Amino acid sequence: YEQVVLSAIAKDGCIEDTWDLAATLGIDHQILVGVIKSLLVDRFVCEEPISTSYWTLTAEGEQVASRGSHEFQVLNAVPAEGGISLTELQSALGDV
């Protein structure tokens, strides 16, 4: 990947963001960082570090985003009139 990195720098003058380049190349970001560090040691490139934070949802967060909160699911499962037994509610909602 060293030649790919050097070609990207030659073409664009610099690599603005290694995350973007890794995505474009379809490689793991850590592999790209390793290649760049190797080029740094050999003094083929210089660096100006940037810091970026990324937030992703956990599996539970994905579930809440798609189905609503646990409380919302319970509220929607209880009929407006007549109610529902706890056993029926647990059966309807599963592991909420």
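The values are calculated or read from the model by the stated rules, or taken from the named source; none is laboratory data. No experiment lies behind these values; they were computed from the predicted model shown. Cβ sites come from the backbone with ideal geometry, for glycine too, and all protein chains shown count toward neighbours. All accessible areas refer to the heavy atoms of the entire protein, side chains included, with ligands and DNA or RNA removed. Shrake-Rupley method; radii C 1.70, N 1.55, O 1.52, S 1.80 Å.
Determine ³J(HN,Hα), in whole Hz, for all residues of segment 44-53 in sequence, where each value follows from phi through the Karplus function 6.51 cos²θ - 1.76 cosθ + 1.60 and θ = phi - 60°; x replaces Gly and Pro.
7, 9, 10, 10, 9, x, 10, 10, 9, 10
Karplus couplings for segment 14-24 from phi (6.51 cos²θ - 1.76 cosθ + 1.60, θ = phi - 60°), rounded to Hz, Gly and Pro as x?
Once rounded to whole Hz, the list reads 6, 10, 5, 8, 5, 4, 5, 5, 4, 5, 4.
Give the ranking of ASP17, ASP95, ASP42 by solvent-accessible surface, highest area first, calculated with a 1.4 Å probe.
On the way: ASP17 35, ASP95 150, ASP42 85 Å².
Per-residue accessible area, sorted high to low, gives ASP95, ASP42, ASP17.
Using a cut-off of 15 Å between beta-carbons, work out the net charge of the residues near LEU6 (Lys and Arg +1, Asp and Glu -1, LEU6 not included). If you can, show how the numbers build up before the last one.
Working: positive: LYS11, LYS37, ARG43; negative: GLU2, ASP12, ASP42, GLU47.
The answer is -1.
Got a sec to turn the phi values of segment 30-37 into Karplus ³J(HN,Hα) couplings, 6.51 cos²θ - 1.76 cosθ + 1.60 with θ = phi - 60°, whole Hz, x for Gly and Pro?
5, 5, 4, 4, x, 5, 5, 5
Per DSSP H run of at least 4 residues, take -39500 (n - 2.57); add these up for the chain, divide by its residues and hand me the 222 nm value, nearest 500 deg cm²/dmol. Spell out each step's value before the answer.
Working: 6 runs with 57 residues, N = 96.
Value at 222 nm, helices only, nearest 500: -17000 deg cm²/dmol.
When only Cα pairs under 8 Å and 6 or more residues apart are kept, what is the percent relative contact order across the chain? Mind showing how you got there, number by number?
Working: 34 pairs, mean separation 15.1, N = 96.
Contact order relative to length: 16 percent.
Count the net charge of all other residues whose Cβ sits under 14 Å from the Cβ of ALA23, scoring Lys and Arg as +1 and Asp and Glu as -1.
Values: positive: none; negative: GLU16, ASP17, ASP20, ASP28.
That sum, taken over residues with Cβ under 14 Å, equals -4.
Taking a ≥ b ≥ c as the square roots of the Cα gyration tensor eigenvalues, with a/c under 1.5 meaning rounded and otherwise prolate when a/b beats b/c, else oblate, which class fits segment 1-44? Intermediate values should be presented prior to the final figure.
Working: a/c = 1.79, a/b = 1.14, b/c = 1.56.
The shape class here is oblate.
Amide H to amide H under 5 Å from VAL45: which residues, 5+ apart in sequence or cross-chain, H placed 1.01 Å off N in plane?
LEU40
Roughly speaking, to the nearest percent, how much of segment 36-88's 1.4 Å accessible area is carbon and sulfur? Each step should come with its number before you reach the end.
Working: 2650 of 4720 Å².
Here carbon and sulfur together make up 56 percent of the probe-accessible area.
Suppose R0 equals 30 Å. What FRET efficiency, 1/(1 + (r/R0)^6) with r the Cβ-Cβ distance, do ASP42 and GLU16 give to the nearest 0.05? Before the final figure, lay out each step's value.
Details: r = 22 Å, r/R0 = 0.73.
After rounding to 0.05, the efficiency reads 0.85.
Hey, got the dipole for the chain? About the Cα centre, +1 on K and R Cβ, -1 on D and E Cβ, debye to the nearest 20? Don't skip to the answer; put the middle values down first.
Details: 4 positive and 15 negative charges, 38 e Å.
With only Lys, Arg, Asp and Glu charged at Cβ, the dipole is about 180 debye.
Please compute the net charge surrounding GLY34, taking Lys and Arg as +1 and Asp and Glu as -1 over other residues with Cβ under 12 Å from its Cβ. Numbers along the way, then the final one.
Numbers: positive: LYS37; negative: GLU2, ASP28.
Every neighbour counted, the sum reads -1.
Given q = 0.15, 0.16, 0.28 Å⁻¹, what are the Debye log10 I(q)/I(0) values for segment 30-96, with equal point scatterers placed on the Cα positions and solvent ignored?
Log10 I(q)/I(0), no solvent term: -0.65, -0.70, -1.19.
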